[in-house]
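Trainee: Can you read through this structure? Questions will come right after.
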Amino acid sequence: MPRAFITGVTGQDGQHLAEFLHGKGYEVFGLVKGQNNPRMVQMRDEFPYVQPVPGDLADLPSLVKALEYAQPDEVYNLGAISFVAMSFNQAELTANITGLGVLRMLEAIRMVGGASENSMRLYQASSSEMFGKVRETPQTERTPFHPRSPYGCAKVFGHDIVVNYRESYNLFACSGILFNHEGPRRGLEFVTRKVTNSVARIKLGLQKEIVLGNLDSKRDWGYAGDYVKAMWLMLQRDQPDDYVIATGETYSIEELVKFAFAEVGIENWRDYVRQDPKFFRPAEVDLLIGDSTKARTELGWKPEVDFPTLIKMMVAHDLKFESDKIR
Ligand code: GDP
């Protein structure tokens, strides 16, 4: 039975990946941080097959112990301070977890797994936020980085250190440069879920308006369930490499809002939307659109769920989620 170790297992991608790997017959271990972490209870109920291992990306000895215990064939480093807006307020913490956490994981793999043919393989969650103020459109694996947030800067460090350790120590380490990927499990702080959840609540009479920031920025949004398959595919190759994972289509926040309201039959969406400067960012990523040709040809990966279907899925989920709560 192959063994996988996931950091960030309680997050959106960690949940999808744990489910996917379990379906493939893996024994799944997940790093869980903190004392009495409330997300542990949810994990135990929904993903009883995930074996929790205590530890923290800020604590190298705990990572070493976790790898010694799990003895994984594959390590998926998804753990991070992942909310861009928060990274502006907690920049040092973001650099420590999202950036240095990758270095610690690489060192832990070298200490426990060694750099041999049988060494642990690493997947690093890189991000389209590294492209930031984009130098070209669409963005590929060769597009230079120009991050626009402490989160993006930390992800660039993580990406570069993975390349460096791969080249220096012959580790099997890959980075997936994933563009935004969403779904019903997305946290309510991210704009897609904030919008679909608010639209559901407005439809049910539980909320009067949505307060948002910049409506003009554009994202290449895919479905998280599709994207975790690409992570696994990267680690099954003969040689480690980096891949852009994206749909190749881009939509504005305004289009997202319009689509979500249309799902519940509301056309005059502007009457329900207010903008507040507090949701604008000190620096913004204006336009992301990815070219995933390399992943499509080398990994045989492609997205199955397009943006309108994704929004439909999320609104349907949130209508049920919110009406179950008031029953
Ligand atoms: P990100 O791409 O990782 O930053 O994902 P987010 O979902 O947090 O933000 C996507 C885009 O939505 C960014 O350009 C934000 O500026 C924009 N946006 C506009 N209003 C909001 C809001 O109320 N919350 C969030 N999270 N983003 C917003």
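The values are calculated or read from the model by the stated rules, or taken from the named source; none is laboratory data. Note that the coordinates shown come from a computational prediction; the quantities given were computed from them, not determined experimentally. So basically every Cβ, Gly included, is an ideal-geometry build from the backbone, and we count neighbours across all protein chains shown. Accessible surface is based on the protein model in full, side chains and every heavy atom, while ligands, DNA and RNA are left aside. Shrake-Rupley method; radii C 1.70, N 1.55, O 1.52, S 1.80 Å.
Trainee: Multiply the residue gap between residue 51 and residue 262 by 0.36 nm, knock off their C-alpha separation, and tell me the result in nm, one decimal place.
Mentor: The span from residue 51 to residue 262 would gain 71.8 nm if fully extended.
Trainee: Quick check for me: using +1 on Lys/Arg Cβ and -1 on Asp/Glu Cβ, what's the dipole size of the range 187-282 about its Cα centre, in debye to the nearest 20?
Mentor: 460 debye
Trainee: How far is it, in nm, from the label point at residue 167 to the one at residue 302 when both lie 7 Å from their Cα along the line to the Cβ?
Mentor: If labels sit at residue 167 and residue 302, their model points lie 3.4 nm apart.
Trainee: Right, here's the next one. Whose amide H sits under 5 Å from the amide H of residue 30, counting only residues 5 or more places off or on another chain, with H placed in the peptide plane?
Mentor: It is 6, 51, 53, by chain and number.
Trainee: With a cut-off of 8 Å between alpha carbons and a minimum separation of six or more residues, what is the relative contact order of the chain in percent?
Mentor: 17 percent
Trainee: Taking N as the number of residues in the chain, what is its Cα Rg relative to 2.2 N^0.38 Å?
Mentor: After normalising by residue count via 2.2 N^0.38 Å, the value is 0.98.
Trainee: If you don't mind, there's one more thing I want to ask. Per DSSP helix of 4 or more residues, -39500 (n - 2.57); summed, then divided by the residues of the chain. What does that give at 222 nm, rounded to the nearest 500? Let's see the in-between values first.
Mentor: Values: 11 runs with 129 residues, N = 327.
Using -39500 (n - 2.57) per qualifying helix, the result is -12000 deg cm²/dmol.
Trainee: Which pairs in the list 218/278; 65/133; 203/229; 278/302 are over 29 Å apart, alpha-carbon to alpha-carbon? Kindly include the intermediate steps, with their values, before the conclusion.
Mentor: On the way: 218/278 19 Å; 65/133 39 Å; 203/229 34 Å; 278/302 37 Å.
Beyond 29 Å between Cα atoms: 65/133; 203/229; 278/302.
Trainee: Let me ask another. Could you please put 172, 321 in sequence from largest to smallest accessible area, using a 1.4 Å probe?
Mentor: Heavy-atom accessible area, descending, gives 321, 172.
Trainee: Let me ask something else about it. Mind putting together the pair-distance distribution for the range 207-327? All Cα pairs, 10 Å bins, whole percent per bin, short to long.
Mentor: The percentages, shortest bin first, are 11, 32, 32, 18, 6, 0.
Trainee: Taking every eigenvalue of the Cα gyration tensor of the range 103-194, multiplying by 5 and rooting it, what semi-axes result, largest first, whole Å? Intermediate results must be reported in sequence, preceding the final value.
Mentor: Numbers: eigenvalues 150, 59, 25 Å².
In descending order the semi-axes read 27, 17, 11 Å.
Trainee: If ligands, DNA and RNA are left out, what is the accessible area of residue 140 with a 1.4 Å probe, given in Å² to the nearest 10?
Mentor: Solvent-accessible area, nearest 10 Å²: 20 Å².
Trainee: Would you calculate the separation in nanometres between label points at residue 71 and residue 281, each defined as 7 Å from the Cα along the Cα-to-beta-carbon direction?
Mentor: Those two pseudo-labels are separated by 4.3 nm.
Trainee: So what J values fall out for the range 65-75 if you push phi through Karplus, 6.51 cos²θ - 1.76 cosθ + 1.60 with θ = phi - 60°, rounded to Hz, Gly and Pro as x?
Mentor: 4, 4, 5, 4, 6, 7, 6, x, 7, 10, 10
Trainee: Please figure out what share of the DSSP beta bridges in the chain is antiparallel and state it in percent, rounded to the nearest 5. All intermediate terms of the calculation are to be shown ahead of the outcome.
Mentor: On the way: 2 of 36 bridges.
Percent antiparallel among DSSP bridges in the chain is about 5.
Trainee: I'd like to know which of 154, 102, 175 lies farthest towards the positive end of the charge dipole of the range 90-175, counting +1 on Cβ of Lys and Arg and -1 on Cβ of Asp and Glu.
Mentor: Value computed over the given set: 154.
Trainee: Please state the relative contact order of the range 233-307 as a whole percent: Cα pairs under 8 Å, 6+ residues apart?
Mentor: On the way: 46 pairs, mean separation 39.2, N = 75.
Reported as a whole number, the value is 52 percent.
Trainee: Ok, one more. Residue 125: net charge of surrounding residues, Cβ under 9 Å, Lys/Arg +1, Asp/Glu -1, itself excluded? Display every interim value, and only then the final one.
Mentor: Details: positive: 155; negative: 13.
Residues near residue 125 contribute 0 overall.
Trainee: On to the next question. Put +1 on the Cβ of every Lys and Arg and -1 on every Asp and Glu Cβ in the chain; which of 61, 145, 196 then has its Cα farthest towards the positive end of the dipole?
Mentor: 196
Trainee: Would you work out which of 20, 130, 113 lies farthest towards the positive end of the dipole of the range 9-152, given +1 charges on the beta-carbon of Lys and Arg and -1 on that of Asp and Glu, about the Cα centre?
Mentor: Towards the positive end, the residue furthest out is 130.
Trainee: Shifting gears a bit: Check residue 181: other-chain or 5+ apart residues with amide H under 5 Å from its amide H, H built from backbone geometry?
Mentor: It is 222, by chain and number.
Trainee: Let me ask another. Skipping prolines and chain starts, which residues have an amide H placed within reach, meaning under 5 Å, of the one on residue 244, given they are 5 or more residues away or on another chain?
Mentor: Hits under the 5 Å cutoff: 141, 177, 295.
Trainee: Before anything else, pin down the relative contact order of the range 42-127: Cα pairs under 8 Å, at least 6 apart, normalised by residue count, whole percent. If you can, show how the numbers build up before the last one.
Mentor: Working: 81 pairs, mean separation 31.6, N = 86.
Worked out over the range 42-127, it gives 37 percent.
Trainee: Charges at C-beta only: +1 for Lys and Arg, -1 for Asp and Glu. How large is the resulting dipole of the chain about its Cα centre, in Debye rounded to 20?
Mentor: The calculated dipole for the chain is roughly 620 debye.
Trainee: Same structure, new question: For the range 184-192, take each phi angle, set θ = phi - 60°, evaluate the Karplus expression 6.51 cos²θ - 1.76 cosθ + 1.60, and give the result in whole Hz per residue in order, putting x for glycine and proline.
Mentor: With the stated coefficients, the range 184-192 comes to x, 8, 5, x, 5, 7, 7, 5, 4 Hz.
Trainee: With the radius of gyration and the Kirkwood radius both derived from the Cα set of the range 149-241, what is their ratio Rg to Rh?
Mentor: Here Rg/Rh amounts to 1.12.
Trainee: Around residue 45, what is the net charge, scoring Lys/Arg as +1 and Asp/Glu as -1 over all other residues with Cβ under 15 Å from its Cβ?
Mentor: Charge balance in the 15 Å sphere: +1.
Trainee: Could you put 307, 20, 279 in order of accessible surface area, largest first, with the 1.4 Å probe and the full protein assembly present? Can you show the working numbers first?
Mentor: On the way: 307 5, 20 45, 279 85 Å².
Of 307, 20, 279, the descending order of accessible area is 279, 20, 307.
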